[in-house]
Amino acid sequence: MIPRFKTMSEKTAIFPGSFDPFTIGHKSIVDRGLGIFSHIIIAVGYNEHKNSFLPADRRVDYIRKIYADNDRVSVVKYTGLTIDFCRRNNVSAILRGIRSISDFEYERDIADINRTLGEIETVFLVSLPEYGAVSSSMIRELIHNGYDPSRFLPLPVRF
Ligand code: ADP
């Protein structure tokens, strides 16, 4: 049997998340993921019943600007289960980042469910040490308290 990862260089992965907002930590995972996958779909998840900091369309527009010159990255929004999005788009790999043990515990459960229900494998990249403390919630907190979050954002923007 041919090992599944042999074909990985021609494989598409989705990188799902809230990206509220997209940070230098997220960008680092995508950029490193492009060394493994041929195409990455950044899938911006939204839930009509949950309040977000930025509307999904603004999150999508911001990420599209970051990757405007890279045709190996596409950005879309989606709602519902990630495995359903993967099925609709014929994608069988999910990319996720891990910063800590708590990320790992949470991610492992989701990866188990996605593999069991959707036959979808999850590939984890451990965050670079310099990005281990970067999170969307930290950026939202900085903005809320009047601080400039630019150094944690891939492109300067005023949200
Ligand atoms: P979710 O709401 O699905 O957790 P996030 O937007 O918070 O979505 O994160 C999307 C993915 O990016 C997750 O796999 C998360 O662990 C990862 N991630 C977030 N911040 C970082 C970072 N600084 N370094 C590496 N991975 C990160």
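Just need a number here: residues in segment 107-121 that are outside any helix (DSSP H, G or I) and farther than 14 Å from Phe85 by Cβ. So the count comes out to 2.
Selection of segment 143-159 for residues being among the aromatic types (Phe, Trp, Tyr) and open to solvent by 80 Å² or more (accessible area, probe 1.4 Å) yields only Tyr147. Scanning segment 67-97 for residues that are without any contact (Cβ under 8 Å) to a residue 24 or more places away in the chain and under 14 Å from Ser18 (Cα atoms) turns up Gly80, Leu81. Within segment 18-29, residues that are on the phi > 0 side of the Ramachandran plot have Cβ atoms under 8 Å from residues that are near the ligand (Cβ under 6 Å from one of its atoms) and at pLDDT 95 or above in these pairs: Phe19/His26; Phe19/Ser136, counting only partners at least 6 apart in sequence or on another chain.
When restricted to residues that are open to solvent by 50 Å² or more (accessible area, probe 1.4 Å) and more than 14 Å from the ligand (Cβ to nearest atom), segment 105-142 contains 6.
Would you say Gly80 is at pLDDT 95 or above, within 15 Å of the ligand (Cβ to nearest atom), closer than 25 Å to Glu121 by Cα and exposed (fewer than 13 other Cβ atoms within 10 Å of the Cβ)? Against the criterion (at pLDDT 95 or above, within 15 Å of the ligand (Cβ to nearest atom), closer than 25 Å to Glu121 by Cα and exposed (fewer than 13 other Cβ atoms within 10 Å of the Cβ)), Gly80 qualifies. Residues in segment 16-34 include none that are in a loop (DSSP other than H, G, I, E, B), open to solvent by 40 Å² or more (accessible area, probe 1.4 Å) and more than 9 Å from the ligand (Cβ to nearest atom). Put simply, of Ile14, Ile63, Ile41 the only residue that is in contact with a helix residue (DSSP H, G or I) (Cβ under 8 Å, 6 or more places away or on another chain) and of a type in the set (A, V, I, L, M) is Ile14.
The values are calculated or read from the model by the stated rules, or taken from the named source; none is laboratory data. Everything numeric here is computed off the predicted structure, so don't read it as measured data. Virtual Cβ from ideal backbone geometry, glycine too; neighbours counted across all protein chains shown. What goes into the accessible areas is simple: the full protein's heavy atoms, side chains included, and nothing from ligands, DNA or RNA. Shrake-Rupley method; radii C 1.70, N 1.55, O 1.52, S 1.80 Å.
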